[in-house]
Amino acid sequence: MTNTLHRQGKAENLKNDYVVFMTTAAGINREGSAPEIQEFMRICHKYHPINMGNVKLGNIYKDGVDVQEFIANLGEGAGSMAVFTDLDTVQKVVEELIQADLGISINISGLLDEVRECCRKAGITRHSAEHSLGFWGARERLPERETLEINTLCGHGMISFNLIRKMVEYVKLRRLTPKKAARILAKCCECGVFNPERAEKLLEKIKKGEVTPSGKSVEA
Amino acid sequence: MEIDKEKCVGCGNCHAVCTMGTISLDEDGKSIVNQDQCVECSVCYRFLKDERYWPWMVRAIRRLLSVFRLGYLADVDVCPTGALTPPVLEWPRSLRAMFSDPTTIHPGTGLYGRGTEEIKSNDVTGRLRKGEAGLVVEMGRPGIGAFLWDIEKVAMALARLNADFETKNPVTQLMTDTGTGKIKDEVLKEKVLSAIIEIKVKLERIPEFLQALAKVQNEVDTVISVGVASRCLPDGSIPHEEWVRKAGYTLSLNGKTNLGLGRPLFKETEA
């Protein structure tokens, strides 16, 4: 699964977007891994992630979710994720995860050099790494930049281009605040890797006219 | 997905939510799904909360409002009458949900959704080893979707270079012959939100495979998200970077890092 690999944005946006997630492998460390997965999520939750989720149970923005109950219900198998908006917090999470020695695979999606430095400070060397080589093929079918930036915050592609455009329109018409619109979008992303804060900031810029309808930043 | 016309009040909320944009208003003023294009992701069903209103009541209110030239604007995240109805899917259509709905466990991998573990568990599986790279070719992403006939074109182009397709990958499992990349005829007309072709190559062959991909990309009517991964060297550097640059491509600033905290750690000497 490459669900967090192709998040779009410039370095200044990506600096506020880190996804910490765990994976188990069948026949190696998946069986009986529920306590470790729950502990992983408890550690992440302690540092106030902007989003959390699990493919099986959904994300914390769904109606009526109690986070403690959510964590207690995590079973073995499905990957769990938490999204953070700054590297200092990610550093603390990584250090605590190393201390906890859960034995499950831990990954971070984000700026690769920053994550490498984070590993160095924590006294570990990264094991494997993956880059995106961008979008190929019929690129003329892709939408404007800001729509793509929000769409790729959900790696499973659960947030349609049309819903993003609708939210943009509602924000411009002040039917919804950028915060409320971002939270509505977050509900679509089943596993919880969507970063509502990034989406909110982008919608705020659109509302203020700092991003033109052509999708190009006024500053650019 | 299907829409119960007895219940639908034509509010149009599901139109924008549909990942493929396949829902529209029919001649009768009620919503309809283009079944050829629907990928059975079920986002509309999960996202739109069923308000359980009586359809006759909503229709009556709308008619009344229209007399005063007022409109009916439902909240964006509701289906007022619960008209969306997930059908029981039979093969080969069921394949659409396997690839498009992340809440569905794929029978071929035992994992939720279309993906595989790739580097995420590489610290314990040793899937990618020293001197190897993983090429991850995701067809249909972002947001366009892909028919299996297009996925087959790319798989066959890569197979011509003797690609080592990942056996635990759901697309590989649809192939009749991994030597040719041919996919079963019975599924070629199916459309999915996205599907990942995953191969393992020697680092020095990265340029060759990217060149093949660059050529075949013009033959498909969808987008392709391309990724490349490898096991880091003892100093933490990434060996595939050099080969991607040699091939003339730009690497993303962001990406995925496996921290190596899984246990038991895979040791290559044991392999």
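The values are calculated or read from the model by the stated rules, or taken from the named source; none is laboratory data. Only a predicted model underlies this, so the values are computations on that prediction, with no experimental measurement involved. No Cβ is skipped: glycine too gets one built from the backbone with ideal geometry, and neighbour counts run over all protein chains shown.
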task = Please state which one of B:Lys168, B:Lys215 is on the phi < 0 side of the Ramachandran plot and either crowded, with 20+ Cβ neighbours inside 10 Å or modelled with pLDDT of 95 or more (or both).
result = B:Lys215
key: Residue that is farthest from A:Phe135 (Cα to Cα), among those in the range B:205-237 that are assigned to a loop (DSSP other than H, G, I, E, B) and touching a helix residue (DSSP H, G or I) at 6+ places or on another chain (Cβ under 8 Å)   = B:Gly236
query = Can you tell me which of B:Thr116, B:Thr104 is under 28 Å from B:Glu51 (Cα atoms), modelled with pLDDT under 95 and within 11 Å of chain A (Cβ to nearest Cβ)?
reply = B:Thr104
remark   = Per the filter on the range B:60-91, residues within 17 Å of B:Cys14 (Cβ to Cβ) and outside any loop (DSSP other than H, G, I, E, B) are B:Arg62, B:Val78, B:Cys79, B:Leu84, B:Thr85
note = A:Cys44 vs (1) in a loop (DSSP other than H, G, I, E, B); (2) at pLDDT 90 or above; (3) at negative phi: all pass except (1)
ask   = If a residue has to be in contact (Cβ under 8 Å) with a residue 12 or more places away in the chain and at the interface with chain A (Cβ under 7 Å from one of its Cβ atoms) to count, how many in the range B:231-243 make the cut?
value = 1
request  = Check the range B:63-80 and report whether any residue there is over 30 Å from A:Arg141 (Cα atoms) and crowded, with 21+ Cβ neighbours inside 10 Å.
outcome  = yes
query = Which residues, counting only those in the range A:7-56, are surrounded by fewer than 24 Cβ atoms within 10 Å (Cβ to Cβ), closer than 22 Å to A:Leu111 by Cβ and at the interface with chain B (Cβ under 9 Å from one of its Cβ atoms)?
reply = A:Gln8, A:Gly9, A:Lys10, A:Ala11, A:Leu14, A:Asp17
message = Looking at the range A:42-68, I want the residues that are among the charged types (D, E, K, R) and have a partner that is assigned to a helix (DSSP H, G or I) with Cβ atoms under 7 Å, at least 6 apart or on another chain. Which pairs are those?
response = A:Arg42/A:Ile71; A:Lys62/A:Lys187
ask   = Looking at the range B:171-194, which of its residues are touching a residue at least 40 places away in the same chain (Cβ under 8 Å) and in a strand (DSSP E or B)?
value = B:Lys191, B:Val192
note = Given the conditions (1) surrounded by fewer than 20 Cβ atoms within 10 Å (Cβ to Cβ); (2) within 12 Å of chain B (Cβ to nearest Cβ); (3) under 16 Å from the mean Cα position of the chain (by Cα), every one holds for A:Ala138 apart from (3)
query = All but one of (1) touching a residue at least 12 places away in the same chain (Cβ under 8 Å); (2) surrounded by fewer than 20 Cβ atoms within 10 Å (Cβ to Cβ); (3) within 13 Å of chain B (Cβ to nearest Cβ) hold for A:Thr85; which doesn't?
reply = (3)
